[in-house]
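Single-structure report; data block below.
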Ligand code: SAH
Ligand code: SF4
């Protein structure tokens, strides 16, 4: 048997095993890895793809992450925040297109005004949708009380990427101040989890100065934290950010894509029942990047439902696809496109992380650990 499957057959993968898999350069070996990950996905969570509609509802952010195009010190960005009515219109559109949930993503704001507005928004979305409609939040670092308020208002999932599990690398890609602190990020992630959310995290892949060992540690971090959902994708440079100056250190785009696919594949083998998103950043490198992500073991897509006039002001990185289109694509077109690559959408399913539901059953019916 080939060495890739021999490694994957083991009960536990060591860090060295993971490094070996992530370091593959041979196409046939990468194909073996991806085939293996797809078969793990098929038996653990099935091959159907869960959809969530992404709403990038505000680009106002207090932070200055060195990699991000909407960092507060980028004066070229026209700041916006969608009104509650505009957001509810997109939710209506999501419902019409048979989405079973949405992701509300935006810059990080911590004022009581903002956090109360989000609580009210969650309540309104719950009223406008059926009780099971899933709301995922991706609104950065907040107080434990805010996480609880949003959870009790009806949000079920939260995405907070750790960005990198290496504190040293975290310091290199963020300003050196209290607002951008690795331990605070980690504590927030733990609070999200303790509040009772289906908890998502992730990392950027191919950052300047990031080693394969860092990436292996990232996967082990995700496993150790017992995370339910993961969104990770290639780091893509943006000219109006400080990290752009280090672009000579970056891997070529196609290498970053392949490394990202191997990260997804190894994670699927490490954690068969979690949800893994195939991110837009993959599609930015090649048009069928998201489909490649699904083949490598991802099982979630987040089509962008942000109105076109706002989408062009939410550029975390350059060359974001489909900027002129109102919604990324009509749901039938997406379903047809996926069918051509052998994938099916799970319309009838809320797509909760099996990893999370299994854990919950084991704990008993209780919801939050903190109330
Ligand atoms: N403000 C929130 C959510 C919006 S940013 C937060 O930071 O958590 C969502 C994600 O976009 C970030 O977690 C980061 O991983 C990703 N991102 C930002 N800039 C990027 C870039 N240049 N390339 C790839 N991903 C990027
Ligand atoms: Fe703000 Fe998130 Fe961008 Fe950092 S990554 S600058 S927190 S939007």
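The table that follows gives values for the structure above.
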{"item": "Sole exception among (1) touching a helix residue (DSSP H, G or I) at 6+ places or on another chain (Cβ under 7 Å); (2) within 15 Å of ligand 2 (Cβ to nearest atom); (3) over 23 Å from residue 94 (Cβ atoms) for residue 149, by number", "result": "(2)"}
{"item": "In the range 271-297, residue farthest from residue 226 (Cα to Cα) [restricted to those that are touching a residue at least 40 places away in the same chain (Cβ under 8 Å) and assigned to a loop (DSSP other than H, G, I, E, B)]", "result": "288"}
{"item": "Restricting the range 217-239 to residues that are buried (at least 16 other Cβ atoms within 10 Å of the Cβ), within 11 Å of ligand 1 (Cβ to nearest atom) and not in a strand (DSSP E or B), the residue that is nearest to the chain's Cα centre (by Cα)", "result": "232"}
{"item": "Subset of the range 4-18 (residues that are touching a helix residue (DSSP H, G or I) at 6+ places or on another chain (Cβ under 8 Å), free of Cβ contacts under 8 Å to residues at least 40 places away in the same chain and within 25 Å of residue 211 (Cβ to Cβ))", "result": "4, 7, 10, 17"}
{"item": "Candidates 214, 258, 183 - the one that is outside any loop (DSSP other than H, G, I, E, B), more than 21 Å from residue 166 (Cβ to Cβ) and in contact with a helix residue (DSSP H, G or I) (Cβ under 9 Å, 6 or more places away or on another chain)", "result": "258"}
{"item": "Qualifying residues in the range 124-147 (those that are surrounded by fewer than 15 Cβ atoms within 10 Å (Cβ to Cβ) and part of a helix (DSSP H, G or I)) - the one nearest to ligand 1 (Cβ to nearest atom)", "result": "145"}
{"item": "Any hit, the range 78-86, residues being in contact (Cβ under 8 Å) with a residue 40 or more places away in the chain, part of a helix (DSSP H, G or I) and surrounded by 18 or more Cβ atoms within 10 Å (Cβ to Cβ)", "result": "no"}
{"item": "Test: residue in the range 68-77 that is more than 16 Å from ligand 2 (Cβ to nearest atom), in a loop (DSSP other than H, G, I, E, B), surrounded by fewer than 19 Cβ atoms within 10 Å (Cβ to Cβ) and in contact (Cβ under 8 Å) with a residue 24 or more places away in the chain", "result": "no"}
{"item": "Selection status of residue 49, in a helix (DSSP H, G or I) and more than 16 Å from ligand 1 (Cβ to nearest atom)", "result": "no"}
{"item": "Residue satisfying condition, being at pLDDT 95 or above, within 16 Å of ligand 1 (Cβ to nearest atom), over 15 Å from residue 306 (Cα atoms) and in contact with a helix residue (DSSP H, G or I) (Cβ under 6 Å, 6 or more places away or on another chain), within set 67, 80", "result": "67"}
{"item": "Residue 193, sole failed condition from (1) within 16 Å of ligand 1 (Cβ to nearest atom); (2) over 24 Å from residue 50 (Cα atoms)", "result": "(2)"}
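The values are calculated or read from the model by the stated rules, or taken from the named source; none is laboratory data. Small disclaimer: the values here were computed from a predicted structure and weren't measured. So basically every Cβ, Gly included, is an ideal-geometry build from the backbone, and we count neighbours across all protein chains shown.
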